[in-house]
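Following: one structure in structure tokens, then a few remarks.
The values are calculated or read from the model by the stated rules, or taken from the named source; none is laboratory data. In this text the structure is predicted, and so the values were computed from the model without any measurement. Note that we place each Cβ from the backbone using ideal geometry, even for glycine, and neighbour counts take in every protein chain shown.
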Amino acid sequence: MLWTHLGHAGWLAEAGDIRLLFDPLLGPTHYGGVFETVPRRRLRAAELRPDFVFISHAHPDHFDVESLVRLARHDADSVLLSPDPWVCSIAQQAGFRVTRRLEPGQRVELQCGYVVATPSLAADPECGFLVATADACVWNMVDTVFSGPEHVAQLSQASQAAADASRLDLALVRFQPLKEVQAALGQNLGFPFSDYEMLLREAIATDAHTLIPSSAGVQHTSAYAHMNALVYPVRAGRFAKDLSVMAPERSVLTPRLGERFRVANGRVTRQGLDDSLLESVGLESEPEFRPLAFPPLHASAADTPGLLEEIETWVDGDLCAGLSRQAPPHPHLLVLEVLTSAGTRSFVLELDATGASRSERAAADYDLLNQTTASALVSVIRGRASWGELLLSARLRVSDRAYMLSGRCQPMGFLPTFVYFGASYAQTEQRATRYRLEHALRQSLDD
């Protein structure tokens, strides 16, 4: 088999005459312009020519609507497979004629071997992919969630058996203990020692002959560059070095964008770069972890006071209605702070067993504080963006000090991002995905 690194979690595998494309992210940016690939690049959709497209899960850095529209435009007969029925539904609307849902542990037969969907413990549908031919076996773990090294070892053996493979030649492993939302939620900014150690041990537990760090080749775009010092604790090269220390008997390789790897008869060898798939390549820069400061949120010219009327209608309607259905055992004082170019507007809500209502109490005495800008919030209300885009770019920030006293000071455990009760996280993701799909289809027609 030949495996070509396309950046982030994107890989093109060639097994005999079959071409398998994993988690395609074709453009330089994604998720509403919040993130970009490292390095920035654009892939030539027409050159990929996949027979099968595999989408591991619905997170937007793996499930990119614009990329699917471009791929379907070039070859609508490529078969798309995913464990998530939502992904399959959107892919059909994007233009793919054939989509298939993968069940955990399911084996897909190819002309030259098998693909096994390896299970994940994630709350939402997700899987990795083990690809086996007569002379090679590769496990693309993507973002699979495990319970620990023992779970990885068991899953590796079971998946190899399902694919009629006797050994694992290569594992594409997670390496980045992401701190995606800690800063926005007012949590610990320091290095995640235990999470990092777990990733190292899980990679080793695959028992693969060769290990390659994968599935974390992104950073925030320039508009949100301050997040790069807070979110990405480790570079791929550092992870590879640490793996080599912990498992010196393994071969550990750090891939370059466009690099091809031949996997055959228990060995993985570098085959050089394939420039035919790349339209452009940016600088080989990676984010530096410097969690020493978190800049304040500022309003922009787009955050006009005129948006407040729409926000007020949403607060009094959908947000209060959603909160009123929660009936918490203890009262909460919730403050939604909205920044505009003319100043800050605070919406103070009292929530108890009888429901939620606007209050005249002082905002400074909050239990839960959610802060955002007027334009960002309206983009979610109108279905143009999701809560995920706001949270991961720190345009939604949270301070949680909701606690109860009963001999101890204990957190109440109420959802700190209380704005989600006005429109659920999943609902905003689906609305924003439909919006991106419609935009991509219109753009495709214009092109």
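Annotations for the structure displayed:
- Restricting the first member to the range 268-294 and to residues that are outside any loop (DSSP other than H, G, I, E, B), and the second to residues that are modelled with pLDDT of 85 or more and exposed (fewer than 12 other Cβ atoms within 10 Å of the Cβ), the beta-carbon pairs closer than 9 Å and six or more apart or on different chains are VAL281/ASP275.
- Flag for ARG270 being surrounded by fewer than 17 Cβ atoms within 10 Å (Cβ to Cβ) and closer than 28 Å to GLY16 by Cβ: yes
- Residue list for the range 79-91, filter: free of Cβ contacts under 8 Å to residues at least 60 places away in the same chain, crowded, with 16+ Cβ neighbours inside 10 Å and in a helix (DSSP H, G or I): VAL87, CYS88, ALA91
- Count of the range 44-62 residues which are crowded, with 24+ Cβ neighbours inside 10 Å and either over 28 Å from GLU109 (Cα atoms) or aromatic (Phe, Trp, Tyr) (or both): 1
- Odd one out for LEU368 among (1) out of contact with any helix residue (DSSP H, G or I) (no Cβ under 7 Å at 6 or more places or on another chain); (2) closer than 19 Å to VAL338 by Cα; (3) modelled with pLDDT under 95: (1)
- Enumeration of residues in the range 204-232 that are surrounded by fewer than 22 Cβ atoms within 10 Å (Cβ to Cβ) and in a helix (DSSP H, G or I): ILE204, ALA205, SER222, ALA223, TYR224, ALA225, HIS226, ASN228, ALA229
- Residues of the range 295-344 that turn out to be surrounded by fewer than 15 Cβ atoms within 10 Å (Cβ to Cβ), of a type in the set (Gly, Ala, Ser) and in a helix (DSSP H, G or I), as a count: 3
- Qualifying residue in the range 135-150 (condition: part of a helix (DSSP H, G or I) and more than 19 Å from ALA216 (Cα to Cα)): yes
- Counting the residues of the range 328-343 that are in contact with a strand residue (DSSP E or B) (Cβ under 8 Å, 6 or more places away or on another chain) and touching a residue at least 24 places away in the same chain (Cβ under 8 Å) gives 11.
- Exactly one residue out of ALA208, ALA163, ALA203, ALA171 is among the small types (Gly, Ala, Ser), touching a Gly at 6+ places or on another chain (Cβ under 8 Å) and farther than 28 Å from ASP400 by Cα, and it is ALA163.
- The listed residue being buried (at least 24 other Cβ atoms within 10 Å of the Cβ), among the small types (Gly, Ala, Ser) and either assigned to a helix (DSSP H, G or I) or free of Cβ contacts under 8 Å to residues at least 40 places away in the same chain (or both), out of ALA117, ALA123, ALA76: ALA117
- Residue selected from the range 94-148 under the condition among the hydroxyl-bearing types (Ser, Thr, Tyr) and in contact with a helix residue (DSSP H, G or I) (Cβ under 6 Å, 6 or more places away or on another chain), by the criterion nearest to ARG174 (Cα to Cα): THR118
- Condition met for SER194 (small (Gly, Ala, Ser) and modelled with pLDDT under 95): yes
- Scanning the range 164-190 for residues that are crowded, with 19+ Cβ neighbours inside 10 Å and within 30 Å of ALA15 (Cα to Cα) yields a total of 10.
- Test result for GLU197, surrounded by 20 or more Cβ atoms within 10 Å (Cβ to Cβ) and in a helix (DSSP H, G or I): no
- Which numbered condition ASP275 fails, given (1) under 29 Å from GLY7 (Cα atoms); (2) surrounded by 13 or more Cβ atoms within 10 Å (Cβ to Cβ): (2)
- Of all residues in the range 241-253, those satisfying the criterion of being surrounded by 14 or more Cβ atoms within 10 Å (Cβ to Cβ) and either without any contact (Cβ under 8 Å) to a residue 40 or more places away in the chain or part of a loop (DSSP other than H, G, I, E, B) (or both) are SER244, ALA247, ARG250, LEU253.
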